[in-house]
Structure formats: C-alpha cells, structure tokens
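Asker: Handing you a structure now.
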Amino acid sequence: MYAKLKEHLSKELNSIKEQKLYKYERVIESSQGAEIIVKGKKVLNFCANNYLGLSSHPELIEAAHNAINKRGYGLSSVRFICGTQDIHKELEQKVSKFLAMDDTILFSSCFDANAAVFEPLLDSQDAIITDALNHASIIDGIRLCKAQRWIYRHADMSDELGMDEATGKEYKGLERCLKEAQNCRFRMIATDGVFSMDGDIAKLKEIVALAEKYDAIVMVDDSHASGFMGKMGRGTHEFHGVMDKIDIITTTFGKALGGASGGCISAHQEIVDWMRNKARPYLFSNTIAPSVAGATIKVIDLLSSTTELRDRLEANTIRFRKEMTAAGFDIISGEHPIVPIMFGKYPDCSKLAVDFANMMLEEGIYVIAFSFPVVARGKDRIRVQISAAHSDEHISTAIAAFTKVGKALGMI
C-alpha cells in the first residue's frame with residue numbers, strides 16, 4: 001500500500017535537498033541559553049526566541065519544580081471536566097492584568113489559540129480581513145472559519161487597489177478591504193503584532209483608526225512582542241499607545257515568557273466566556289501542565305516588578321543593528337530584536353544562506369538559514385535574534401564572526 005507514496009515522497013525529499021531547502025535539525029546537548037552545546041562544542045545561540053533570556057532562569061526552574069511538587073505532573077483532562085487547577089486561574093488573572101485585558105483563556109500553544117479564535121465568533125455572514133504576511137497559525141485558524149476573507153497587502157493601510165508587477169496578482173490595502181466588507185455582519189481585522197520573518201511591527205495606530213471608522217474589531221497575535229515591546233514590555237498595543245483599543249490578543253508562553261509551551265487568548269469578558277464554551281482546541285485538548293503554569297506565573301511576576309531585562313534587550317538590539325549595518329550587511333531596518341540578514345540580491349541565494357550559516361557554526365555562532373517555503377523565493381535570510389542574555393562580549397563575538405564570514409563569501 002505504501003510503495004507509491006514512498007516513491008513520491010523520496011523524490012520530493014531528494015528534490016528539496018538538492019535545492020538546499022531541506023530543514024535539518026541540529027541537536028542541542030544542553031539547556032537553552034545564550035551559550036549552548038552543539039556536537040560537543042560550546043557555541044553562542046543567536047536564533048532562539050529566548051528574547052529575555054528566561055528559558056533556563058533559575059527562578060523559573062524552581063517555580064516549575066514547586067508546581068510539580070504541589071500540583072503534580074499533568075491533569076489528564078480538559079479544563080471543563082477536571083483539568084482546572086487554582087494555578088491556571090491565577091495565571092489567567094495575572095496575564096489579563098499584565099496585558100490590560102478583561103480575561104484570559106489558556107491553550108497548549110498560541111497555534112491552538114489562533115486555531116480557536118475565529119470559528120466560534122464568525123460565520124459566513126462575517127468578514128476576516130488579514131495581513132498577507134500573517135503567521136501560519138492565523139492562516140490556518142482562518143481556514144477553519146466560514147467567514148468571508150479579504151487579504152490586504154502587507155502593512156498597506158490604503159484604499160488602494162492595484163496590481164503587483166512582480167507576481168501579476170491583484171492587491172488591496174486595508175481600507176479598501178474594509179469598504180468591500182461593509183455589508184457583512186461583523187468585521188475582524190487580524191494581524192501579527194510583530195511579523196516573525198521581517199521583524200517589522202504592525203501599524204496598530206492606523207489599524208485601530210480604520211477599525212473605528214469602519215466598525216471592525218481588532219485581533220493581534222503578539223507572540224513576538226509580549227514581555228518586551230513597549231515601555232513596560234506589555235506588547236505592541238503598549239508600544240503604539242493603543243492598549244484600550246485592541247479587542248483580542250493571542251500570545252505564547254513559548255518565546256519571551258519563559259520559552260516552554262502554552263499560549264492564550266486575552267480579550268473582552270464576553271469573548272473569553274464564549275471561548276470557554278465553544279473553542280474546540282480548548283474543549284478537546286488537555287490543559288497546560290502545572291509546571292508550565294507555575295513557571296509562567298513567576299515570569300509575569302518578574303516582568304511586573306522590573307523592566308531590567310527588556311531594557312537590556314533593547315540596548316543589545318540597538319547595538320547589534322547599528323554595527324551590522326555599518327559592516328555592510330543588507331538588514332531590514334527596524335527596532336525589533338529579530339534582525340534579518342538578507343541574501344536575495346546574491347546569486348544562488350538559498351545555497352549562499354545555508355553555506356553562511358554552516359560557516360558561522362564553525363566560528364562558534366549558531367544561526368539558521370531561512371528559505372522557501374518558510375519565506376518567499378528570493379527572500380532567503382539568516383534571521384538573527386537578540387536576547388537579554390547576550391553579554392557585550394557575545395555581541396562583539398557575533399559581529400566579528402559575521403564580518404569574517406561575510407568577507408570570505410564576498411558579501412561585504
């Protein structure tokens with residue numbers, strides 16, 4: 001039975017290997033951190049979502065152990081049967097306060113939160129208007145919903161309707177989509193707060209203004225912002241000064257907020273109450289483990305008491321961006337600790353990006369090449385991610401290695 005499928009898959013796998021598009025997994029032989037062990041060698045990690053350096057923080061490890069000792073390893077149940085502990089409710093309250101939202105509902109991941117958020121709220125009478133570069137989890141969540149769909153050109157707030165010369169496809173701005181969706185019952189604008197491949201930040205002030213003008217609600221996935229964007233690290237809604245204007249926030253505990261697993265929807269009270277009764281990933285999946293809940297409570301407590309980590313992250317990001325630009329690399333400008341080093345202008349850019357990443361590992365710097373289908377063809381890159389755990393020496397070592405390899409490959 002399997003023979004034909006095996007033959008097909010083998011050919012396809014060989015094809016993507018020949019194109020340098022196969023995703024190999026490097027094995028880490030240590031805990032996550034600024035310094036990790038790969039193939040028995042200590043290297044500097046510059047590609048983790050460990051923005052605040054909390055993945056192996058001793059206070060989080062202690063909190064996780066305490067939660068296991070007091071509340072066990074797992075619940076073996078969904079929330080509404082017998083899977084809700086006091087620490088789950090405590091975490092929901094703390095996240096709600098931190099994000100300045102009415103209430104929060106927990107999921108096993110933000111992917112599940114995004115899979116859950118659309119279908120219970122919207123049907124064929126309604127409209128979802130989504131940024132063209134939104135994360136795969138938003139795209140998949142929208143696919144599960146029967147609402148009508150509009151896609152606006154990335155970060156384009158205009159009333160424009162045009163043709164993309166490169167692709168030959170029609171594009172629309174957000175305002176044009178909102179106008180076309182006026183006959184729908186409800187309209188939801190869905191956007192990443194920070195776009196994970198480019199590190200650019202959604203134009204939430206303009207999005208909110210258009211939402212008010214055209215009577216739409218706003219949903220933001222803040223997975224790459226929660227904990228460090230904004231003055232107090234509350235996210236892109238704080239960064240843009242629209243904390244009272246966002247209707248739904250989804251985010252993860254698997255990046256800056258500890259780096260383990262789990263996610264949530266934070267929203268108006270009625271929306272959260274509806275999700276508790278209708279969101280399928282919530283109703284049919286085990287609750288998050290007590291260790292994750294306990295450690296994430298500690299994260300929120302730490303971030304609510306001081307901005308030291310987000311301040312350090314900001315300083316590291318500014319320095320790295322400035323010095324890498326001065327060295328001559330093609331970097332997408334911005335303020336976020338995602339720093340994409342672009343390869344698209346060079347011949348055979350996919351192979352070049354892979355070779356660059358492999359040579360960086362030889363220099364003791366762990367980075368990964370991103371290519372199609374993770375990014376569009378010709379948009380190959382190495383996505384550097386800065387952490388508060390990186391010391392000044394780590395930053396200097398990475399910049400020196402990038403410069404050495406860049407010169408060796410004729411990029412700078």
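Asker: Along the positive direction of the dipole of the chain (beta-carbon charges: Lys, Arg +1; Asp, Glu -1; about the Cα centre), which of P373, M359, N50 reaches farthest?
Answerer: Checked the options; the winner is M359.
Asker: Picking from S77, M157, S124, whose Cα lies most toward the positive end of the charge dipole for region 58-305 (charges on Cβ: Lys, Arg +1; Asp, Glu -1)?
Answerer: Among S77, M157, S124, the one farthest towards the positive end of the dipole of region 58-305 is S77.
Asker: Identify which of I246, I201, I36 has the largest mean-square fluctuation in a Gaussian network model of the chain, with springs joining Cα atoms closer than 10 Å.
Answerer: For the chain, modelled as a Gaussian network with Cα springs under 10 Å, the answer is I36.
Asker: Continuing with the same structure: Dipole of the chain, Cα-centred, from +1 at each Lys and Arg C-beta and -1 at each Asp and Glu C-beta, to the nearest 20 debye? Don't skip to the answer; put the middle values down first.
Answerer: Values: 50 positive and 54 negative charges, 195 e Å.
With only Lys, Arg, Asp and Glu charged at Cβ, the dipole is about 940 debye.
Asker: Can you tell which of F98, A216, Y171 lies farthest toward the positive end of the dipole of region 58-305, using +1 and -1 charges on the Cβ of basic and acidic side chains (Lys, Arg; Asp, Glu)?
Answerer: The residue sitting farthest along the positive end of the dipole is F98.
Asker: Relative contact order (percent) for the chain, with alpha-carbon contacts under 8 angstrom and 6 or more residues of separation?
Answerer: Relative contact order of the chain: 22 percent.
Asker: Say we join alpha carbon atoms closer than 10 Å with springs in a Gaussian network model of the chain; which of R383, R153, R234 then has the biggest fluctuation?
Answerer: In this elastic network of the chain, the residue with the biggest mean-square fluctuation among R383, R153, R234 is R153.
Asker: Out of N286, N14, N50, any idea which swings most in a Gaussian network model of the chain, alpha carbons joined below 10 Å?
Answerer: N14
Asker: Exceeding 30 Å between C-alpha atoms, which entries from my cross-link table qualify? They are K11/K41; K42/K351; K70/K255; K41/K94; K205/K345.
Answerer: K11/K41; K41/K94; K205/K345
Asker: At 222 nm, what helix-only mean residue ellipticity would the chain give, in deg cm²/dmol to the nearest 500, using -39500 (n - 2.57) for each DSSP H run of four or more?
Answerer: Helices in the chain give a 222 nm mean residue ellipticity of -12000 deg cm²/dmol.
Asker: Additional query: Within 12 Å, Cβ to Cβ, of F195, how many net charges do the neighbouring residues add up to if Lys/Arg are +1 and Asp/Glu are -1?
Answerer: -4
Asker: What does the charge count near A389 come to, summing +1 for each Lys or Arg and -1 for each Asp or Glu among other residues with Cβ under 15 Å from its Cβ?
Answerer: My count for the surroundings of A389 gives -2.
Asker: Additional query: Using the alpha-carbon centroid of each, what span in Å lies between region 217-273 and region 70-119?
Answerer: First find each Cα centre; the distance between them is then 14 Å.
Asker: Could you line up W150, W274 from fewest to most neighbouring Cβ atoms inside 10 Å?
Answerer: Ordered by Cβ neighbours within 10 Å, fewest first: W274, W150.
Asker: With +1 on each Lys and Arg Cβ and -1 on each Asp and Glu Cβ, and nothing else charged, work out how big the dipole of region 162-266 is about its Cα centre, in Debye to the nearest 20.
Answerer: Charge dipole of region 162-266: 220 debye, to the nearest 20.
Asker: Determine, for each peptide in 58-65, 106-113, the mean count of other beta carbons within 10 angstrom over its residues, then list the peptides with the highest first. Working shown, then result.
Answerer: Numbers: 58-65: 15.9, 106-113: 23.8.
Ranked by mean Cβ neighbours within 10 Å, highest first: 106-113, 58-65.
Asker: What is the local net charge at D86, summed over the other residues whose Cβ is closer than 14 Å to its Cβ (Lys, Arg +1; Asp, Glu -1)?
Answerer: Values: positive: K70, R71, R79, K89, K94; negative: E90, E92.
Value of the local net charge: +3.
Asker: State, to one decimal in nm, how far the label point of L13 lies from the label point of D102, with both points 7 Å from Cα in the Cβ direction.
Answerer: Label at L13, label at D102, 5.0 nm between them.
Asker: At a Cα cut-off below 16 Å, give the lysines reachable from K179, other chains included and same-chain residues fewer than 8 away excluded.
Answerer: K179 reaches K213.
Where a number appears in this text, it was derived from the coordinates with a stated rule and is not lab data. On a predicted model such as this, the values are computed, not experimentally measured, just so you know. We place every Cβ from the backbone using ideal geometry, glycine too, and count neighbours over all the protein chains shown.
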